[in-house]
Amino acid sequence: MFDSKTLKEWDRRYIWHPFTQMKDYMKMEPLVIERGDGCYLIDTEGKRYIDGVSSLWVLVHGHKKKELIEALIRQSKRLCHSTLLGIANAPSIVLAKKLIEISPKGLVKVFYSDNGSTSVEIALKMAYQYWQHKGEKKRKRFISFTNGYHGDTIGSVSVGGIDLFHKVYRPLLFKSYKAPSPYCYRCPLKLKKETCHMACVGEFERIVEKHKDEVCAVVIEPLVQGAGGMITQPEGYLSSIWKSTKKHGILLIVDEVATGFGRTGSMFACEKEHVQPDFMCIAKGITGGYLPLAATLTTDEVFNGFLGRFDEFKTFFHGHTYTGNPLACAVAIENIELFRKEDTIKRLKKKISLLHKELQRFYDLPHVGEVRQEGFVVGIELVKNRRTKSIYPPEEKIGHRVILEACKRGVIIRPLGDVIVLMPPLAIEETTLKELINVTYESIEIVTGR
Ligand SMILES: *Cc1c(COP(=O)(O)O)cnc(C)c1O
């Protein structure tokens, strides 16, 4: 391999990093990861770091997991790729059956792709085309939420609601109706959680009623709006949205890309509120964080809408080259097996309680505005003034400075603006979890003061 210095030089010279201001990046000493080990990442100089955000929300059973590596090697000796366009391959079939078995009732068909954005893109196109085939040609719109995030392709950006990421592309996007985000800490309706009776659901209902004849589907991140700042939803919110879509006969697309595979404490977030969506999009944790793979699950009702004579052209004309890749599917099968063998979800309960308990003391820090948690998903919102909830000026880069402090102390985390995110791998040991929390606390304290 090449030495650390050469790699850093070439990184600066050749790579354009995602979601990264390269002018700042090029001035910094890059951190080059070379190995993984359990819940740790190791850089080219041999320094170890806790992987505090699961390598961007994907890692489940840890790095270098024997079973996952063996599944990958076993499959690679048989077949690395073959298309799903018109023909099949073994791992994708077995995985589809397993996915259906663990998913909410009613979801019976699996359409593969290779990342979260495409899994949403596919659901949008399917929902639209479903209504076209049914003869409801006026249905061309979607309802989504402010602060929502569904990926970076044009379709998924069209249903996104984060101005910072999405505003510049607006002229390129299709129109979608935006319902208010259930962001209780900064309620868009200026109400108080204790007394509002979820008035935002009423607001959502009004939008549905006004546009119900032109809407294909509602797109939602269940229980937590992730990239929007780990905005946790009040209990009963998701099921209320579901009931409303049912009542008005429109489809529900649930984007479980971030929340799926145990992240919120159940296999899928939908389960917690007994929601049965028409589409479920999954990606990030599906291979335990080892290979890119995604899937869009749907119902018989939707699937049957696409059946017809060849020359009726009701085919779903969509499919990525690497759809159903056998390597990724083989690892995903083993990932699901591990959930069963290791009782991952059940063993998570204690760690979620520990996390909850430890997080309370963050309120001792005067610039912690709110600590939000949903299972193993945490967002710590930092504010300039706790009483007025005023934000820090962006040029202070408070969130970014906190993660740099954490990095010095052997922890890799990433902020969303001034929200510090923790999303540890489900397999993390309690002692490592405590260390992650302690370092995060210290780093916030150093940057924002006592
Ligand atoms: C990450 C994410 C996506 C996009 O997934 P990519 O694999 O990055 O394309 C979509 N929806 C949600 C909720 C996500 O968190």
Subset of region 352-368 (residues that are β-branched (Val, Ile, Thr) and assigned to a helix (DSSP H, G or I)): Ile352
Hits in region 229-244 (condition: surrounded by fewer than 24 Cβ atoms within 10 Å (Cβ to Cβ) and under 19 Å from Ala123 (Cβ atoms)): Trp242, Ser244
Those helices (runs of 4 or more DSSP H) lying entirely in region 206-320 with at least 3 residues within 26 Å of Pro182 (Cβ to Cβ): 237-247, 269-272
Qualifying positions in region 125-152 - more than 15 Å from the ligand (Cβ to nearest atom), in contact with a helix residue (DSSP H, G or I) (Cβ under 6 Å, 6 or more places away or on another chain) and either part of a loop (DSSP other than H, G, I, E, B) or at pLDDT below 95 (or both): Arg139
Matching option when the condition is at pLDDT below 95, within 13 Å of the ligand (Cβ to nearest atom) and out of contact with any helix residue (DSSP H, G or I) (no Cβ under 8 Å at 6 or more places or on another chain), among Ile162, Ile122: Ile162
Any chance Arg35 is of a type in the set (D, E, K, R) and under 25 Å from the mean Cα position of the chain (by Cα): yes
Any hit, region 69-80, residues being exposed (fewer than 15 other Cβ atoms within 10 Å of the Cβ), among the basic types (Lys, Arg), more than 16 Å from the ligand (Cβ to nearest atom) and part of a loop (DSSP other than H, G, I, E, B): no
Residue check, Leu293 over 14 Å from the mean Cα position of the chain (by Cα), within 16 Å of the ligand (Cβ to nearest atom) and at pLDDT 95 or above: no
Region 246-271, residues that are polar (S, T, N, Q) and either crowded, with 24+ Cβ neighbours inside 10 Å or within 15 Å of the ligand (Cβ to nearest atom) (or both): Thr259, Thr264
Qualifying residue in region 4-12 (condition: under 26 Å from the mean Cα position of the chain (by Cα) and under 26 Å from Asp114 (Cβ atoms)): no
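Yes/no matrix, rows are residues, columns are (1) touching a Ser or Thr at 6+ places or on another chain (Cβ under 6 Å); (2) buried (at least 17 other Cβ atoms within 10 Å of the Cβ); (3) farther than 17 Å from Lys284 by Cβ:
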position: Ile33; (1), (2), (3): no, no, yes
position: Cys39; (1), (2), (3): yes, yes, no
position: Thr44; (1), (2), (3): yes, yes, yes
position: Ser54; (1), (2), (3): no, yes, no
position: Ser92; (1), (2), (3): no, yes, yes
position: Glu101; (1), (2), (3): no, no, yes
position: Val108; (1), (2), (3): no, no, yes
position: Ser113; (1), (2), (3): yes, yes, no
position: Glu121; (1), (2), (3): yes, yes, no
Members of region 165-196 found to be away from the ligand (no atom under 15 Å from the Cβ), within 19 Å of Val224 (Cα to Cα) and either among the β-branched types (Val, Ile, Thr) or in a helix (DSSP H, G or I) (or both), listed by number: Cys184, Tyr185, Arg186
Residue check, Gly155 within 16 Å of the ligand (Cβ to nearest atom) and assigned to a helix (DSSP H, G or I): yes
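The values are calculated or read from the model by the stated rules, or taken from the named source; none is laboratory data. The shown structure was predicted, so the numbers you read here are calculated from the model rather than taken from an experiment. Positions of Cβ are generated from backbone atoms using ideal geometry, with glycine treated the same way; all protein chains shown enter the neighbour counts.
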